[in-house]
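A short write-up of the structure that comes next.
The values are calculated or read from the model by the stated rules, or taken from the named source; none is laboratory data. All values derive from a computational prediction rather than experimental measurement. Glycine gets a Cβ as well: all are built from the backbone with ideal geometry, and neighbour counts include every protein chain shown. Just so you know, the surface numbers come from the protein's heavy atoms only, side chains and all, with ligands and any DNA or RNA stripped out. Shrake-Rupley method; radii C 1.70, N 1.55, O 1.52, S 1.80 Å.
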Amino acid sequence: MEESAERAFLAELEARLAAGEPVEIDVSLALLGGQAVELDEHELRGARRRAVQLLAAGGDPRREPEPDGRAVKALGADLASPARKAALAEGLASLRDTVEGLPEVSAHLERLVADQELAWRWFACTLLADELLGE
C-alpha cells in the first residue's frame with residue numbers, strides 16, 4: 001500500500017524532530033485537520049484584516065503568529081462556532097491512523113484532540129499566517 005502525502009509529510013516532521021530540529025508540529029496538524037472546516041470568504045477576509053491590524057498595533061505586523069497572541073485569539077473568536085470547532089475536532093481525530101507509529105507527532109495530535117480551544121487557536125494561526133504570506 002502506498003503512503004499518503006500527509007503520512008509522508010508527518011513522517012518527515014517526525015524525523016526532523018528526532019534529528020533535533022525545531023519543528024512546529026501543531027500548526028501542521030491544525031492545517032491538515034482543519035481542511036473540512038467551512039469558512040465564509042467574506043467573514044474570513046474581515047476577521048483576517050482585523051487580526052493583521054492587531055499585529056500592526058503591537059509593533060511588527062509581519063511577526064509570526066502565536067496561538068496565545070492577541071491577534072490569533074481575536075481571529076479565532078471572530079470565526080468560532082460550535083460546528084466549525086466540531087469539524088476541526090473531527091478532522092484532527094481522523095488523523096490518528098495517519099500518525100500511528102510516529103510517537104512525537106502522535107503526542108502532539110492527542111494534545112490537540114484533548115484541548116479543543118488550543119486546537120482552534122492553532123487553526124487560527126494557520127489562517128493568519130496564510131494571510132500574512134499572501135500579502
The chain: angle of helix 82-93 to the longest principal axis, Cα-based, in degrees nearest 10: 30
Want the number for S81 to E21: 0.36 nm per residue separation, take away the alpha-carbon distance, what's left? 18.1 nm
Segment L39-L118, extension gain: residue separation times 0.36 nm, minus the distance between their alpha carbons: 26.6 nm
Percent of accessible area on the stretch 1-90 owned by carbon and sulfur, 1.4 Å probe? 52
Ignoring ligands, DNA and RNA, how do S94, S4 rank by accessible area with a 1.4 Å probe, largest first? S94, S4
Which order, highest average first, do 46-53, 118-125 follow once you tally other Cβ atoms within 10 Å for each residue and take the mean per peptide? 118-125, 46-53
Considering only protein heavy atoms, what per residue accessible area in square angstrom results for the stretch 36-87 with a 1.4 angstrom probe? 60
Between (i) 1.15; (ii) 0.99; (iii) 1.42, which entry matches Rg/Rh (Cα atoms, Kirkwood Rh) as derived from the coordinates of this structure? (ii)
